[in-house]
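Have a look at the structure below, then the notes.
We did not get these values from a lab; they are worked out from the coordinates using the rules stated. Worth saying up front: this structure is predicted, and the values here are computed from it rather than measured. Methodologically, a virtual Cβ is constructed for each residue, glycine included, from the backbone with ideal geometry; neighbour enumeration extends over all protein chains shown.
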Amino acid sequence: MTTIKFTVNGQAQSLDIDPTTPLLWTLRDHLQMTGTKFGCGIGMCGACTVHLNGNATRSCLIPVQAVDGADIATIEGLSESGDHILQKLWVELNVPQCGYCQSGVLMAAADLLKRIPNPSDEEIDANISNICRCGTYPRIREGIRRAAQEMGA
Amino acid sequence: MTQMKMSRRKFLITSATVAGGLSLQLVPIDAMAATGKNGGQRDSALSPWLTIQADDTIIVTVPTPEIGNGASTQQAMNIAEELACDWQRVNVEFASFSREYKQPGSYAVGMQPFFGGHSTDHERMPYTMQLGASARERLKLAAAQRWNVSITEIEARNSVLKHLPSGRTLRFGEVAAEAASVVLESEPSLKPQSEWTLLGKTKPHKVQLPKVVNGSAKYGVDVTRPGMVYAALRQSPVHGGLLKSHDPEAVLSMPGVRAVVVIDPSATPGSPVDASPTFGFEGSECRSGVAVIADHYWQAKKALDALPVEWDDGLGAFWNSDEKIHERQDRILDRWAGAPLTKSGNVDTVKAAKTIEATYRTPFCEHATMEPLNGTALYTEDSLELWHSTQDMQQAFWVAVDESGVHPDRVTIHQTMVGGGFGRRVIGDDVRAVVAVARQYPGVPVKVIWSREETTQQGAYRTQLAARFRAGLNEQGMLESLEGETCFSGMALNLGFTDMAYAFSGAIPNVRLAASNLPMHIATGAYRAPCYNAHAFTVETFIDECAVAGGIDPLEYRLKLLADWDPAWSHCLKLAAERAGWGKPLPKGQGRGIAISNWPHSGEKQAGATVCAVAHVEVSQEGKLTVHSIDFTFDCGRTVNLDAVLAQLEGGIIFGLNMSLNEGLTIVDGAVVESNFDRYPMLKMADIPEIKIHLEALSGHDRFAIIGEAPVGPIGPAIGNAIYQAIGKRVRSTPFRKQDLSWS
Ligand code: FES
Ligand code: FES
């Protein structure tokens, strides 16, 4: 057990924890923040995507010792009241089906728009490599395009 | 409580005051009698379908789990159509099967009462709409009584009651409590479809979405209980094998580890009463294995990985390779001795100008729901509480009873959100494993999580099958005879094969379609459109081969075969072809292919959902396949929520793409080789072709056919047929990524 300190959505956390515990399970089991999802555990699906010091990162591959002192943002902190432009558009455009992959998709998409405010289709393809078994890809693309437009407007 | 008999239907609508609001129940008349199936009405607690609270909040209780298809939203829409309420105030809650058990029939209305689909079930829609109408009239009557005016002077709209002559208004919530005790003279009749304002007119998003996008929606794997511990499990890699030995001492001292328990199929206590699982218990049996219980999941998983385990593979190890499976299948098919299920004319007396024969294969496929299998249970000596992302609550309930041995009176089940179903969460083998682990750690809630690897290797797969066809063509190239036999493992359901439209459209005088079984040890189950998902490929590829052999354009060929069939099929074919530019020249290495199918009523006119796809593909000389676009047409009669239908079509098309391009499990020494997405790849954003869904083939026929499954079918064969047009190679098995498509 090691004491690890970091912030999640702006709140300071201090945990006595097995330092090899992935950040994903730290969030889910130790902090009861279950918005970040477990899909594969090997970095392939993106369901566990969070922002680590502002960058989209797959939390199943990051041991918690690697985030000592870091700032983490999760889906629960993407906006104060669920009104990030992507969250609003995701509802309006009926993007999610089962919805399980979507916290990860939203975190990846928010990161993409921050870095590239008006991404091309190729840039969307290259940056959103999350798996959605329900096949919501066409609507994810539409949601990102609309968000880029509205933010640019 | 007041009661109202629904005309023509054997149900009563009863009302009650709940927390200052109105609550309505639907109660079958025979359940009102003193005794019923499970002892009749066991208690006086409510099983609300609809609750209107004093603050105007409307809660619709839905017996359909939400697996992503919008089934629960659909049911709320049905009620709201008649209720004249503010849609923004509508919430849904999942019904508890415990209520159904205690008061039989309270939620079981229509077919497969607790199943995810069928939200537009013709049997169920009238009930839900009647509830809305009944509530509206009760609210109007309560307002009329409060104002001392005639009910005919009152209009209900957008959750507001208005006295038209005076303009006075009341909110629904203000009279909800009074509405619970008014007495209607008779149940109102439903509006004609022509007056619907919500169904077929609006396209609301799924009601759960605000919670999905902020991370607060609770799926099974998100359940958190006070004092909860976690379990990781491993079951025999060869299905049907047994745990031979393991060494708990090796891991019991690892951090956080509390116990190592054995999952023993022979230890199932059995239900103390006659059980009524929706689909029976077969396929839900425990799989021999072992689980580690720890304070946290990561600790459980680490200890499980370190646990020495030996397996006795059992008979399944006989199947040492896929080739062995194929060889045995061919031996059976060579005999042409399968049980004939569809027959007309006499295929044996046909003198054909040309005979063609081909064999097609489709492999085992894993559902790969994004939410891995999991469940949470709290077992005590005389009670069981289960939280589960099941697709069928009735099945899950009875499996839980059977595996705990607890009397159903003391079993409670909580439906959570479901992170993908596709048929995987129906039979309840996952429920059984959760209960088998939890009952060995009583008094503490245990959350059992399958790793992705365990989820993949302990599937209940889309079965593998082979289908062989033989056709006799006449001088004109058309089919004089069609013979087919499918050899499958697992459930005997031959949808899309023995009921193929071509066998019923009257164009082929001699038909014989048969089925044979290859018993295997590998667990199989429903997978988005069972059997049809494979046979749309086998049938539509063979018909394409017949067209080519007959020297007739594949579109023309299908139109001829279906000339006297439900005209919607021809409309779908023609529209998809026209929009895709059928017949327009393409450069070498590119091609278009077409396919059409129907789920789940291929052999009937004006039934089910007819779907048609034209794929435009390109194959590089090295054999790299790119799908450029899919033009898609469909007829499900009418739609009640067009956007929900489109979402299901998009998802189904992509599911069909993934299934045909990527999916196929490899069997070595009886076990599944693939374990995670690195070896069982999923299409991603960059792989998705342009998908163009055209609406104009919708016939308007008076049905709202289910639509989630049908689109999976025609995608693979359309692509395979396009590959043939592009490079002249006929692809007779999936997944296409494993085929050699190189050309020169
Ligand atoms: S769970 Fe982390 S990438 Fe899949
Ligand atoms: S919405 Fe179900 S996996 Fe993406």
Original post:
Between A:ILE42 and B:THR224, what is the spin-label point distance in nm, taking each point 7 Å from the Cα along the Cα→C-beta axis?
Top reply: 2.9 nm
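How much length would be gained if the chain were fully extended between B:VAL673 and B:SER189, taking 0.36 nm per residue of separation minus their Cα-Cα distance, in nm to one decimal? It would help to have the intermediate numbers written out before the result.
Numbers: separation 484, 0.36 × 484 = 174.24 nm, distance 5.83 nm.
Gain on extension, B:VAL673 to B:SER189, equals 168.4 nm.
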**OP:** Could you go through segment B:537-550 in sequence order and give the Karplus-derived ³J(HN,Hα) for each residue, using 6.51 cos²θ - 1.76 cosθ + 1.60 with θ = phi - 60°, rounded to whole Hz, and x for Gly and Pro?
**Re:** 6, 5, 5, 6, 6, 5, 4, 4, 5, 5, 4, 4, 5, x
Subject >> Rough spin-label spacing in nm, given labels placed 7 Å along Cα→Cβ, for B:ALA563 and A:GLN65 >> reply: 7.7 nm
**OP:** Please compute the net charge surrounding A:LEU89, taking Lys and Arg as +1 and Asp and Glu as -1 over other residues with Cβ under 15 Å from its Cβ.
**Re:** +1
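Counting other C-beta atoms within 10 Å, and keeping those with at most 11, which DSSP coil GluC sites (Glu not before Pro) do you find in segment A:1-93?
On the way: sites: A:GLU76, A:GLU80, A:GLU92; in loops: A:GLU80.
Of the GluC sites (Glu not before Pro), the ones in loops of segment A:1-93 whose Cβ has at most 11 other Cβ atoms within 10 Å are A:GLU80.
Please give me, ordered by residue number, the GluC sites (Glu not before Pro) of segment B:123-225 that lie in loop per DSSP and have at most 13 other Cβ atoms within 10 Å.
Values: sites: B:GLU123, B:GLU137, B:GLU153, B:GLU155, B:GLU174, B:GLU178, B:GLU185, B:GLU195; in loops: B:GLU123, B:GLU185.
Hits after loop and neighbour filter: B:GLU123, B:GLU185.
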Subject >> Semi-axis lengths (Å, descending) of the ellipsoid that matches the C-alpha gyration tensor of chain B >> reply: 45, 37, 22
Original post:
FRET efficiency for B:ALA339 and B:ASP55, Cβ-Cβ distance as r, R0 = 51 Å, nearest 0.05?
Top reply: 0.25
**OP:** First select every other residue whose beta carbon is under 11 angstrom from the beta carbon of A:LEU52; then total the charges, Lys and Arg +1, Asp and Glu -1.
**Re:** -1
**OP:** Report the Cys residues of chain B lacking a disulfide-compatible partner, meaning no second Cys Cβ under 4.7 Å from their Cβ.
**Re:** B:CYS85, B:CYS286, B:CYS365, B:CYS487, B:CYS531, B:CYS546, B:CYS636
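In nm, what is the difference between 0.36 nm times the number of residues separating B:LYS738 and B:ARG331 and their Cα-Cα distance? Numbers along the way, then the final one.
On the way: separation 407, 0.36 × 407 = 146.52 nm, distance 2.38 nm.
Taking B:LYS738 through B:ARG331 to full extension adds about 144.1 nm, to one decimal.
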Subject >> Listed peptides B:330-340, B:92-102, B:473-483 by packing density, highest first (mean Cβ within 10 Å) >> reply: B:92-102, B:473-483, B:330-340
Original post:
Which ordering of B:LEU209, B:LEU164 is given by a fewest-first count of other beta-carbon atoms within 10 Å?
Top reply: B:LEU164, B:LEU209
Subject >> Largest-first principal axis extents, alpha carbons of segment A:2-77, Å >> reply: 29, 24, 20
**OP:** Take the Cβ-Cβ distance between B:LYS574 and B:SER150 as r, set R0 to 60 Å, and report the resulting FRET efficiency rounded to the nearest 0.05.
**Re:** 0.60
Subject >> Extension reserve of the B:GLN88-B:ARG410 stretch, reckoned as 0.36 nm per residue once the Cα distance is removed >> reply: 112.3 nm
Original post:
Dividing the alpha-carbon Rg of segment B:529-613 by 2.2 N^0.38 Å yields what?
Top reply: 1.10
Original post:
With θ set to phi - 60° and the Karplus curve 6.51 cos²θ - 1.76 cosθ + 1.60, what are the ³J(HN,Hα) couplings of segment B:420-426 in order, to the nearest whole Hz, using x for Gly and Pro?
Top reply: x, x, 6, x, 6, 9, 9
Subject >> Loop-located GluC sites (Glu not before Pro) in segment B:373-437, at most 15 other Cβ atoms within 10 Å (DSSP) >> reply: B:GLU381
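Where does each of A:CYS48, B:CYS636 land when they are ranked from fewest to most other beta-carbon atoms within 10 angstrom? Please report the intermediate quantities before stating the final value.
Details: A:CYS48 29, B:CYS636 25.
Ordered by Cβ neighbours within 10 Å, fewest first: B:CYS636, A:CYS48.
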**OP:** Within the set of other residues whose C-beta is less than 13 Å from the C-beta of B:GLY637, count the net charge using Lys and Arg as +1 and Asp and Glu as -1.
**Re:** -1
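Can you compute the FRET efficiency between B:LEU252 and B:THR380 using 1/(1 + (r/R0)^6), with r the Cβ-Cβ distance and R0 = 22 Å? Round to the nearest 0.05. Let's see the in-between values first.
Values: r = 24 Å, r/R0 = 1.09.
Calculated transfer efficiency: 0.35.
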Original post:
Taking the Cα-to-Cβ direction at A:ASP16 and at B:LEU493 and moving 7 Å from each Cα, how far apart do the two end points lie in nm?
Top reply: 5.3 nm
**OP:** Go through segment B:219-224 residue by residue and turn each phi into a ³J(HN,Hα) via Karplus (6.51, -1.76, 1.60, θ = phi - 60°); whole Hz please, and just put x for glycine and proline.
**Re:** 8, x, 6, 8, 4, 10
**OP:** Rank the residues B:CYS487, A:CYS98, B:CYS531 as a footprinting-exposure proxy: fewest other Cβ atoms within 10 Å of their Cβ go first.
**Re:** B:CYS487, B:CYS531, A:CYS98
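Pairs to check: B:LYS343/B:LYS729; A:LYS88/A:LYS114; A:LYS37/B:LYS206; B:LYS324/B:LYS738. Give those whose C-alpha atoms are more than 22 Å from each other in this structure. Mind dumping the intermediate values first?
Numbers: B:LYS343/B:LYS729 32 Å; A:LYS88/A:LYS114 17 Å; A:LYS37/B:LYS206 20 Å; B:LYS324/B:LYS738 18 Å.
The answer is B:LYS343/B:LYS729.
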Subject >> Other-chain or far-sequence residues with amide H under 5 Å of B:ASN91's (modelled H) >> reply: B:ILE58, B:ILE59, B:VAL60
**OP:** Starting from the Kirkwood radius over alpha-carbon pairs of segment B:472-625, derive D by Stokes-Einstein at 4 °C in a medium of 1.567 mPa s and give it in µm² s⁻¹.
**Re:** 77 µm²/s
